[in-house]
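Read-outs throughout are calculated quantities, based only on the coordinates presented, and are distinct from any laboratory measurement. Given the structure is predicted, the values throughout are model-derived calculations rather than measurements. With ideal geometry, Cβ positions are generated from the backbone for all residues, glycine too; neighbour counts draw on all protein chains shown.
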Amino acid sequence: MNQVTQTEATPKPVRMKPPPPITLTERAADRVRELIAKATKPVLGLRVGVKAKGCSGMSYVVEYAEERRKFEDMVEQHGVKLFIDPTAVMYLLGSELDYREDKLESGFVFTNPNEKGRCGCGESFTI
């Protein structure tokens, strides 16, 4: 009589990859590519983070990423890389980074489901 061991009888559960902490729209990716092409130094992508600043308490930070720092998450979408500051991940979970341009202003725009409010000028937010 053949005995079946526990590992043979029970298939291993498949681990699903968690969703990225932040997603990137095509418009934002196009703008990132433009910025990287204009950079004066070699750039891998953009780094996004959050700093304590502004009248609501927190502000988004977007800067060139010349290297991947220790403990940073990296999101690659539409052919560009975003590096997420490890201290900002919990504030950015589920967010989307877009780029908008109109007659009066242009810039990266965060749609963050964790935001509870924004200041009147839109430069800072609260969670």
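Listed values, structure above:
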read-out	value
Members of region 70-97 that are part of a strand (DSSP E or B), surrounded by 20 or more Cβ atoms within 10 Å (Cβ to Cβ) and touching a residue at least 60 places away in the same chain (Cβ under 8 Å)	Leu82, Ile84, Ser95, Leu97
Of all residues in region 22-52 being of a type in the set (Gly, Ala, Ser) and without any contact (Cβ under 8 Å) to a residue 60 or more places away in the chain, the one that is nearest to Leu97 (Cα to Cα)	Ala29
